[in-house]
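Let me begin by presenting the structure, written as structure tokens, before commenting on it.
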Amino acid sequence: MPNTSFSPSIESRPTYAGLVPQGSAPSIMIADAEGAEAILDLVDRDAAVLDQAHLIYIPKGAKFGSKLAELGAKGYHEEASLDAAMTLINRLLATAHMGTQLYLAGSEGMMGRISALALSLGLPLDAIQMEHRGSIGRPMQCVHCKGVTQDVTTDPFTCSHCGLTLFVRDHFSRRLGVFQAVCVDAETPGVIPETQEITA
Amino acid sequence: MSKQMTLEVTEVEPLTALVTRFRFERPEKAPLPIFSGGAHVVVEMPDGEILRRNAYSLISDPNDASGYEIAVRREDAGRGGSRYMHSEVTPGTKMRISVPTNLFALDPRARKHVLIAGGIGITPFLSHLRQLDLLQQPFELHYAARSRDEAAGLKLLPKSARIHAHISDEGNRMDLGEILTGQPIGTHVYVCGPEGLISAVLDAAARHGWPKGALHFEAFASPPPGKPFTVTLAKSGRKIEVSASQSLLEALEAAEVEIDWSCRGGACGRCETKVAACDGQIEHNDHWLSRDERAEQKKIMPCMSRFTGDALVLDL
């Protein structure tokens, strides 16, 4: 499955250009679930990207772990969840030098969270390469309680923090790395549109 | 065109054989607008027939409203603006100065700032340093000059372990590879000086994998002199002569053709003008138009660019 192409929307909706090999420069690669395939494709195009790469993989039930482990990156780290991986990711990013390449591949939730972290460290957006693979589930922040619900695939959906019924918007916060969701029945309490699967 | 003020020259101090510092204050001593590090002003010089307007970086403290200071290097091969400053301007001279504009500000998202100056390109960094001191942000400054005698910045820079002078005739050349290696994540680079230095820094940064978004530059550009040429205005059919030491923008202004401008150095994009017809070659000297736009010859930046050939018709 190639890089997901999302239908045109408002300017704030991120699009992902896809990973382009940057040779043997020091790099941090982070992938979750089907994002592994984007890393495999990247290595296929130029195996030198592995020379100084820390590769972190969060399988989320996908079966690519052994393939990634066999690639022979300078460091390979498989983690049970993104939360569990954050200690390592924070340390790698905080001690990285300018010129380190950042490759992110997989879900919008992971890419949004890591790119927001990298931006907060002063890395410009053009330094972050991203490729979307797999589920189109979105990280949605409830604008009312500020809680984030991960992997949202329906519109509307129920906030996992405060229980409001929320409308899925394309409005994305780069600072937070999440989409914004607003109460769908604020003005007509109880009148909830039919639930639909979101599409790319 | 920016708002202008009439200011009085209160200090003229030679820093080196070629570089002189000028201080401007309001005649009535009222406060001036404060600015941000890297800002410049445009100074008007009534030089005989020609009204020159040159942009100079402010070197004084951005938070000091009592005066503006600039440092001007005399360019004997230039068109005459810097010679005018050196020969005609004395304490008491009143001059028209624009309000400050900034095309070279510090990026507030950066965690560390690496400032690289060549020669008179030190000037914008002098105000950056004041701002960085106030913000208490990490930085390092690398200042390259040919010789200690020519290095005007040495008189104006504070003593600091973070400020490095690279004097080439003392064998202490700047090593860009070393400067750009091992910088912590979130470092941004700023470079000002001759074209050669700017392209060397941009090339070295690309080789070391730096993202473009972390690179900032300002060329110290004044319009180069060249061969005289003629332009035709499409709407009126008027023909305007541009002399050897005049820019196209200055020639248009002298002919009272209204044209918007700001930096007069080919960086801001304000004076971009459509070309209706071009039989010849535009000498693009700006940093605004893209490679493709230059090749098309359908746009020109009159502040910097010239023309050679049979006919240039502007959509004016």
Fill in the blank from the handout: In vacuo Debye sum over C-alpha of chain B, base-10 log of normalised intensity I(q)/I(0) at q = 0.13 Å⁻¹, listed in q order, is -0.99
Completion exercise
Answer in debye to the nearest 20: the dipole magnitude of the protein assembly as shown about its Cα centre, from +1 Lys/Arg and -1 Asp/Glu charges placed on Cβ, is 800
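I need the trypsin sites (Lys or Arg not before Pro) found in the range A:52-151, filtered to DSSP loop residues with at most 15 other beta carbons within 10 Å of theirs.
Passing both the DSSP loop test and the Cβ count: A:Lys63, A:Lys74, A:Lys146.
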Exercise for the section: Read phi for every residue in the range A:153-159 and hand back ³J(HN,Hα) as whole Hz from Karplus 6.51 cos²θ - 1.76 cosθ + 1.60, θ = phi - 60°, with x for Gly and Pro. Expected result: 10, 10, 9, x, 9, 9, 4
Fill in the blank from the handout: For B:Ile59, the net charge from surrounding residues (Cβ-Cβ under 13 Å; K, R +1; D, E -1) works out to 0
Exercise for the section: Can you work out the PRE-style zone for B:His164? Point 7 Å along Cα to Cβ, and I want the residues of the range B:183-207 with backbone N under 12 Å. Expected result: B:183
Exercise for the section: Send over the semi-axes of the range B:112-219's equivalent ellipsoid, whole angstrom and largest first, taken as the square roots of 5 times the C-alpha gyration tensor eigenvalues. Expected result: 20, 17, 12
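Relative contact order for the range A:138-197: what is it in percent, counting Cα pairs under 8 Å that are at least 6 residues apart? Let's see the in-between values first.
Details: 118 pairs, mean separation 19.7, N = 60.
Rounded, it is 33 percent for the range A:138-197.
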Problem - Residue-averaged beta-carbon neighbours from other chains (10 angstrom radius) around B:202-211 - result: 3
Handout entry: Packing-based exposure ordering (other Cβ within 10 Å, fewest first) of A:Met86, A:Met130
Key = A:Met86, A:Met130
Handout entry: Inter-label distance, nm, simple model (7 Å from Cα along the C-beta direction), A:Asp83/A:Ala17
Key = 3.4
Problem - Within straight-line cross-link reach of A:Lys74, aspartates and glutamates at Cα separation under 12 Å, skipping those fewer than 8 residues along the same chain - result: A:Asp51
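Could you tell me which GluC sites (Glu not before Pro) in the range A:61-119 are loop residues by DSSP with no more than 13 other beta carbons within 10 angstrom of their beta carbon?
none
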Exercise for the section: Mark the label point 7 Å from the Cα of B:Ala105 along Cα→Cβ and return the residues of the range B:22-59 whose backbone N is within less than 15 Å of it. Expected result: B:34-40
Fill in the blank from the handout: Here, GluC sites (Glu not before Pro) of the range B:11-42 satisfying both criteria (DSSP loop; at most 12 other Cβ within 10 Å) are B:Glu28
Exercise for the section: Could you tell me the convex hull volume per residue, in Å³, taken over the Cα atoms of the protein assembly as shown? Expected result: 206
Handout entry: Peptide-level mean, for B:175-181, of C-beta atoms on other protein chains within 10 Å
Key = 1
Exercise for the section: Tally the DSSP beta bridges in the protein assembly as shown and give the antiparallel ones as a percent, rounded to 5. Expected result: 55
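Listed here are the pairs B:Lys3/B:Lys235; B:Lys3/B:Lys29; A:Lys67/A:Lys146; B:Lys212/B:Lys274; B:Lys112/B:Lys159; B:Lys94/B:Lys159; which of them are more than 30 Å apart at the Cα? Let's see the in-between values first.
On the way: B:Lys3/B:Lys235 28 Å; B:Lys3/B:Lys29 19 Å; A:Lys67/A:Lys146 38 Å; B:Lys212/B:Lys274 28 Å; B:Lys112/B:Lys159 19 Å; B:Lys94/B:Lys159 34 Å.
Table pairs above 30 Å Cα-Cα are A:Lys67/A:Lys146; B:Lys94/B:Lys159.
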Problem - Distance in nm between pseudo-label sites at A:Arg174 and B:Glu293 (7 Å out along the Cβ direction from Cα) - result: 2.1
Completion exercise
Charge dipole of the range A:27-132 built from unit charges on the beta carbon (Lys, Arg +1; Asp, Glu -1), centred at mean Cα; most positive-end Cα among A:Thr87, A:Ala31, A:Leu55 is A:Thr87
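Bear in mind that the values in this text are calculations on the coordinates, not laboratory data. Small disclaimer: the values here were computed from a predicted structure and weren't measured. Note that each Cβ is placed from the backbone with ideal geometry, even for glycine, and that neighbours are counted across all protein chains shown.
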